[in-house]
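The structure is given below, and queries will be raised subsequently.
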């Protein structure tokens with residue numbers, strides 16, 4: 001029995017010594033890195049509304065429409081308008097064409113005073129902007145000048161909007 005008690009006492013002393021004198025932990029560590037990246041592309045969309053002049057009675061007729069642009073934040077862009085599909089049209093004098101083939105002249109402008117023609121030459125007669133990441137609306141100012149004597153008809157034109165970015 002003494003031997004058994006001695007063994008228990010020896011184990012207890014060894015345990016007490018280990019607790020009072022801890023051994024240093026042996027651990028190792030390493031480090032590395034990973035690459036993280038992304039590409040954000042410039043993307044733009046453009047939408048145009050109808051400019052409905054209504055009935056023309058030989059007096060000047062003004063109306064507005066809009067072009068909406070949405071691009072990736074920070075993207076620089078230019079919005080241009082071509083001459084339209086009317087026969088003989090230019091960006092300065094566009095042509096609404098009737099079902100009979102007759103035309104009615106009109107113009108599209110970049111400003112409310114209707115003094116700056118909206119054309120298609122980037123840096124000259126287009127509208128420039130920088131995207132804020134939200135839908136941005138540009139006003140198109142239209143005018144049919146007074147003094148034209150068109151035949152009674154339904155007149156229309158299609159103008160292509162070009163967004164350069």
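Only the coordinates and a few stated rules stand behind these numbers; no lab work does. Keep in mind it's a predicted model, so treat the numbers as computed, not measured. When we count neighbours, we look across all protein chains shown, and the Cβ atoms used for this are built from the backbone with ideal geometry, even at glycine.
Might you check whether a residue that is free of Cβ contacts under 8 Å to residues at least 24 places away in the same chain and surrounded by 15 or more Cβ atoms within 10 Å (Cβ to Cβ) occurs anywhere in the stretch 93-101? Full working, then the answer.
Taking the stretch 93-101 first, the residues free of Cβ contacts under 8 Å to residues at least 24 places away in the same chain are 93, 101.
Among the residues that remain, those that are also surrounded by 15 or more Cβ atoms within 10 Å (Cβ to Cβ) are: 93.
So far as the stretch 93-101 goes, yes, one or more of its residues are free of Cβ contacts under 8 Å to residues at least 24 places away in the same chain and surrounded by 15 or more Cβ atoms within 10 Å (Cβ to Cβ).
Give the stretch 121-164 a look and list any residue that's without any contact (Cβ under 8 Å) to a residue 60 or more places away in the chain, surrounded by fewer than 16 Cβ atoms within 10 Å (Cβ to Cβ), part of a loop (DSSP other than H, G, I, E, B) and within 22 Å of the chain's Cα centre (by Cα), or say none.
Matches in the stretch 121-164: 121, 122, 123, 124, 132.
Can you tell me which condition residue 85 does not meet? The list is (1) closer than 19 Å to residue 43 by Cβ; (2) surrounded by fewer than 18 Cβ atoms within 10 Å (Cβ to Cβ), and all the others hold.
Evaluating residue 85 over (1) closer than 19 Å to residue 43 by Cβ; (2) surrounded by fewer than 18 Cβ atoms within 10 Å (Cβ to Cβ) leaves (1) as the failure.
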